[in-house]
Amino acid sequence: MLRGTLKGCLNMPKVIVIAGTTGVGKSQLSIQLAQKFNGEVINSDSMQVYKDIPIITNKHPISEREGVPHHVMNHVDWSEEYYSHRFETECIEAIEDIHQRGKIPIVVGGTHYYLQTLFNKKVDTQSSERKLTEEQLDILQSNDPETVYKTLVKCDPDIANKYHPNDYRRVQRMLEIYYKTGKKPSETFKEQEITLKYDTLFLWLYSKPEPLFQRLDDRVDVMLERGALQEIEQLYEYYKQNNFTPEQCENGVWQVIGFKEFLPWLNSKSNDHTVKLGDCIERMKTRTRQYAKRQVKWIKKMLIPDIKGDLYLLDATDLSQWDITASQRAIAISEDFINDLPIRQERAPEGLRELLSEGETTMKKLDDWTHFTCNVCRNTDGKSLVAIGEKYWNIHLCSRRHKSNLKRSARQADFEKWKIHKKETVE
C-alpha cells in the first residue's frame, strides 16, 4: 500500500480527507466519521472561510453538526482575499492542535487545490533573494489571465500545458515561482519526491452525473427558499458601497456561485426589468453543474496521480442507499486505517471501478495535456473554448453544444455567401 511508500512511516499522525463535488454529501459524511472516531472537521472550501452568507457558501448548518468542532471556517472578512498559503498555515495549525488533543483531523471541502497543503510538495519563494523587475511585477499583478498565461507559455511551456488559460491563480503562481527561483517549475516539481506530511486516508465521495445534477438544481431552489437571495443582496450592498466593478469580482468572496450570476438582475432593478430573475437562477444552476464537473476533473487529473491512486471511492449516487454505499463503507475503511490494519474494502464499488482505471491513477503523459481550441464555441467571457487533453476534446466535439454551434456557424456562413452573391448580382 501507499502507506509504506509515499508516506514512509506507519507511526505518522493520521488525517482523513473527504474529497468530492459540491452537493455530494461531504459535510454529512465528515460529521458521521467525526462522531464515530473522535474527530474534528477542517474546512477546505475557499468560500466557506468567509464570514456570514452561510446559505450561498453552503456551510453545513450548526444545528446539524452534532457538536463537532469545525476549523478554518467563517473567519475571513469580505475585504480580504484568501490565498492558498494562508490556508496552508491555518490548516496545519488546526491539524497539529487536533492531534495534540488526541483527536482525528478530517479535512473536507471542494477546493481540492488546497489539499496540496498535505504534501511535501512545495517551492519556497519567500526566502528567495531575487528581486522582481517592474515588468515582472506588472505582469503578475495585471489581473489579466491571457497575458499571464502567454508569459508562462514562453517561460515554461511544459507546466503551462497542465493548466487551463483561465486557471488564473495557479498559472500566476507558476509564473511567480519561475520569476523568484529562476528555474522552470516543471523541472523543480520533476525533481521533487512527493510525500505526505501525515498518514492520510483519502476518501472520494462520488455520484454519477445525472442524479447529482438534478440534486444540485434542486439544492439551488432550496437555497433560494431559505434566503440565498437576501444574502446575494447583502453582498450587493457591500459591492455598491465600495464602488466595485464586475471586473473586480474575479477574486475573494465575489467568486461565490450566485453573486455574478445575479449581478445583471441586481443592476437592472433600479433602471428597468429587462433582465429576468429566472434567467439568473438558471445561470446559477448551470455554473454549479460546471463547477462539479471541474472538481471531478481535478481529482482525476491532479489528486489521484499525486497519491498514486491510493484512495477509496464511495458511491453517493442513490441517497436511499447512503448508509450502505457511503456511510458504512467509509466507517469500515476508516476503522482499519486508524487501527493500522490492512484495509479490507475494495478501492471502488464494482460499478465505479473505471474511475480508478490505470489511465487515471498514473501521471498523465505530456500528450494528455495538449490544448485544443474550438473556434466555434466560446466561454462566458467571449473567448474561444479551450479543452485540455484529446479525451476531453473528443467529448466536446461530440457535445450537443458544439454541434448546435456548428449548425449556427454554417447557417451564418451560408447567409454571408448569399449576401455576397446578391451584391454581385446587383452590381
Quiz item: Of the numbered conditions (1) surrounded by 11 or more Cβ atoms within 10 Å (Cβ to Cβ); (2) at pLDDT 65 or above; (3) over 30 Å from Arg329 (Cβ atoms), Thr380 satisfies every one except a single condition; which is it?
Solution: (2)
Practice problem: Select from region 304-314 the residues that are surrounded by 20 or more Cβ atoms within 10 Å (Cβ to Cβ) and assigned to a helix (DSSP H, G or I) and list them in ascending order. | Solution: Ile304
Quiz item: With respect to the numbered conditions (1) under 16 Å from His164 (Cβ atoms); (2) modelled with pLDDT under 90, which one is the sole condition not fulfilled by Ile307?
Solution: (1)
Exercise. Among what's in region 22-38 and is farther than 16 Å from Trp322 by Cα and either aromatic (Phe, Trp, Tyr) or buried (at least 24 other Cβ atoms within 10 Å of the Cβ) (or both), pick the residue that is farthest from the chain's Cα centre (by Cα).
Key: Phe37
Exercise. Can you tell me which residue among Thr286, Thr317, Thr325 is assigned to a helix (DSSP H, G or I), touching a residue at least 12 places away in the same chain (Cβ under 8 Å), over 27 Å from Phe119 (Cα atoms) and of a type in the set (Ser, Thr, Tyr)?
Key: Thr325
Quiz item: Tell me, which residue of region 244-283 that is among the aliphatic types (A, V, I, L, M) and touching a residue at least 24 places away in the same chain (Cβ under 8 Å) is surrounded by the most Cβ atoms within 10 Å (Cβ to Cβ)?
Solution: Val253
Self-check item: Filter result (over 15 Å from Gln295 (Cβ atoms), in a helix (DSSP H, G or I) and touching a residue at least 12 places away in the same chain (Cβ under 8 Å)) within region 195-218
Solution: Pro211, Asp217
Quiz item: Failed condition for Gln290, given (1) surrounded by fewer than 19 Cβ atoms within 10 Å (Cβ to Cβ); (2) more than 12 Å from the chain's Cα centre (by Cα); (3) more than 18 Å from Glu346 (Cβ to Cβ), with all others met?
Solution: (2)
Self-check item: Verdict on Glu66 being more than 20 Å from Ile31 (Cα to Cα) and either modelled with pLDDT under 95 or assigned by the TED database to the domain that holds Glu233 (or both)
Solution: no
Quiz item: Would you say Lys391 is modelled with pLDDT under 75, more than 30 Å from Lys190 (Cβ to Cβ) and not assigned by the TED database to the domain that holds Lys162?
Solution: no
Exercise. Name the one entry in Phe189, Phe213 that is at pLDDT 95 or above and surrounded by fewer than 20 Cβ atoms within 10 Å (Cβ to Cβ).
Key: Phe213
Quiz item: When the residues of region 132-190 are filtered to those that are free of Cβ contacts under 8 Å to residues at least 12 places away in the same chain and of a type in the set (S, T, N, Q), which remaining residue is farthest from His371 (Cα to Cα)?
Solution: Thr133
Practice problem: Sort out which residues of region 200-210 are surrounded by fewer than 19 Cβ atoms within 10 Å (Cβ to Cβ) and either outside the structural domain of Thr21 (by the TED database) or in contact with a Lys or Arg (Cβ under 9 Å, 6 or more places away or on another chain) (or both), and write them in order of number. | Solution: Pro209
Quiz item: Does Asp221 satisfy the condition of being in a helix (DSSP H, G or I), of a type outside the set (A, V, I, L, M) and under 19 Å from Lys26 (Cβ atoms)?
Solution: no
Quiz item: Among the residues of region 93-113, is any surrounded by 15 or more Cβ atoms within 10 Å (Cβ to Cβ), at pLDDT below 90 and not assigned by the TED database to the domain that holds Ile18?
Solution: no
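The values are calculated or read from the model by the stated rules, or taken from the named source; none is laboratory data. If you're wondering where the values come from, they're calculated on a predicted model, not measured in any experiment. Cβ sites come from the backbone with ideal geometry, for glycine too, and all protein chains shown count toward neighbours.
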